[in-house]
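**Q** Below is a structure I'd like to ask you about.
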Amino acid sequence: MPPLPLAKILNVALPSLSGDARAVVDVLACKNGLLPPAGDVARFLGLRTRHQVARTLRRASLPPLEELAAWTRLFYWVLQWEQTGASLLALARQSHVEPATCYRLVRRLMGQPWSRVRRGGISGAVLRFRSIWSENGMHQLAIQPYLQAAARQEAARGGGGSFRPDYDIRAVRQPSRPAADQLGRPRGMIASRLGIAGYPFDVGIAPDGTAWLTRLHAAVLERLQVQPLSSTGVIRVGIAPTRVIISPSGERAWVTNQFTKDVAVVDLSSRRRTGSIAMEGDPLGAALSPDARTLFVTTNLDRLSVCALTDNGGRIVRSTPLPQACTELCVHPAGNRVYAPTWKAGTILELDARSLSVTHRYEVGGQPLGIAISADGLRLYCGNEHGWIDLVHLPTGKIVRRTFDTPVDELALTPDQNVLYASLRTAGRIAMVDACTLACVGTIETGGLPRHIAFDRLGSVAVVANEAGWVDVVR
């Protein structure tokens, strides 16, 4: 999922921004300049009111939200003209905006009619924006952010040669695990539901049974008590928190923040963010090595990075290109392999955890997304948005497929390793599939848009995040 072309334009047109101001710009880029309600923008940033959004823009020497959105729309129109030849009339109708309003907006911002503006191209529009707002206090416009990013990446690669993670799981102190005969799975019945706004996306359950939920459009990590189901507080972690990875001890978590370009380090005991890992690009998916010393992170620049962890952060020590990176990633239980679905590229890559070299490529086709691996490291599962689940027998490479009549998104194995839960997001349900035969053994009708699923240690409870605005507990 590479950056949107419009987002690249805004990165060039605007000064080097960070935090909330950059997030506002990214929100406008995602919506092609169509202005969402200021209150919605505030909630997305984790702010209380639209007035705080206005102050954020003023402190960054940016124009007011409405004016910034207008310029973003203009950039989008010019970019579409250059790429597709689309007329402003067609673009106005596509956006359900009166054509006359669009033509007036172009003349107001550029001082010229559309026929001249389009001939000047996107570079002319950016130059006009810079000249106007530099006179109004905007300074230090960065015209070469990508060269700087490339230099930082090269420096990171050059400085990472001494990194040698220890993958001997037996040498690392691990928390006590339940015996195999103690592990089970839920019966598959929804026991309780809690409404939570802000686009619930990912969920993890700590060893003490506490669930932690990312709210993509609220900039927080939410703490949930499972029995009875209730919210017991939030931690502001960054903008657009996406995946949450909980340490085996349950004392720490890492959260990928797309719009603040970092991975937040969260102390779950004190319930506060204690540090971060700066990333090149927007971090998407993440997976923790079995020894909890290394974090693997994918970004929207289509790269997989290896982060050596410290108490309050970490650093990137190695990275590699990854075609069509997505929010899904998993590590082999032995710690020596990483598995990354490449979404629209139609493959699952097996990479060496030390060198990040590709050791195997599974051509599954479609759009592979959700991924899970069995505790014994022999079976790899991958959901596909073209409507199937693939079971890869890793020792032989043999692939078994089970088709569905709807896209398959995220996957999760029950702790007893016997049943695979698959979120069928567009169908509003979860399929329970036999982990060995892929035969469907049950269905949970959640409604809405179910996404990630997490189980407690013993497998008696599952928590399901639903993008439609709630969380379900399944028993």
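The values are calculated or read from the model by the stated rules, or taken from the named source; none is laboratory data. Since this is a predicted model, take the numbers as computed values, not measurements. As a convention, Cβ positions derive from the backbone with ideal geometry for all residues, glycine included, and neighbour counts pool all protein chains shown. Ligands, DNA and RNA are excluded from the accessible area calculation, which covers all protein heavy atoms including side chains. Shrake-Rupley method; radii C 1.70, N 1.55, O 1.52, S 1.80 Å.
**Q** Quick one: check the C-alpha center-to-center distance for the stretch 404-453 versus the stretch 238-307, whole angstrom.
**A** Cα centroid to Cα centroid, the span is 26 Å.
**Q** Report the calculated FRET efficiency for residue 192 and residue 115 (r = Cβ-Cβ distance, R0 = 41 Å), to the nearest 0.05.
**A** Values: r = 60 Å, r/R0 = 1.47.
Plugging the Cβ-Cβ distance into 1/(1 + (r/R0)^6) gives 0.10.
**Q** Testing the spin-label approximation: label points 7 Å from Cα along Cα→Cβ at residue 48 and residue 458. State their distance in nm.
**A** 4.2 nm
**Q** Accessible area of residue 344, 1.4 Å probe, to the nearest 10 Å²?
**A** In the full protein context, residue 344 sits at about 120 Å².
**Q** Can you give me the accessible area per residue for the stretch 34-120, using a 1.4 Å probe, in Å²? Show your work: numbers first, answer last.
**A** Working: 4710 Å² over 87 residues.
Value returned for the stretch 34-120: 54 Å² of accessible area per residue.
**Q** Here's something else I'd like to know. Can you tell me the accessible area per residue over the stretch 351-474, all protein chains present, probe 1.4 angstrom, in square angstrom? Walk me through the intermediate numbers first.
**A** Working: 4280 Å² over 124 residues.
Per-residue value: 35 Å².
**Q** Further question on the same structure: Rounded to the nearest percent, how much of the accessible area of the chain (1.4 Å probe, protein heavy atoms only) is carbon and sulfur?
**A** Values: 10020 of 20040 Å².
Ligands and nucleic acids excluded, carbon and sulfur give 50 percent.
**Q** Let me know the Kirkwood hydrodynamic radius for the chain, please, with Cα pairs as the basis and the value in Å to one decimal. Before the final figure, lay out the partial values.
**A** Details: mean 1/r = 0.0424 Å⁻¹.
One decimal place: 23.6 Å for the Kirkwood radius.
**Q** What ³J(HN,Hα) values, in whole Hz, does the Karplus curve 6.51 cos²θ - 1.76 cosθ + 1.60 give for the stretch 109-121 when θ = phi - 60°, with x put for Gly and Pro?
**A** With the stated coefficients, the stretch 109-121 comes to 6, 9, x, 9, x, 4, 4, 7, 4, 5, 5, x, x Hz.
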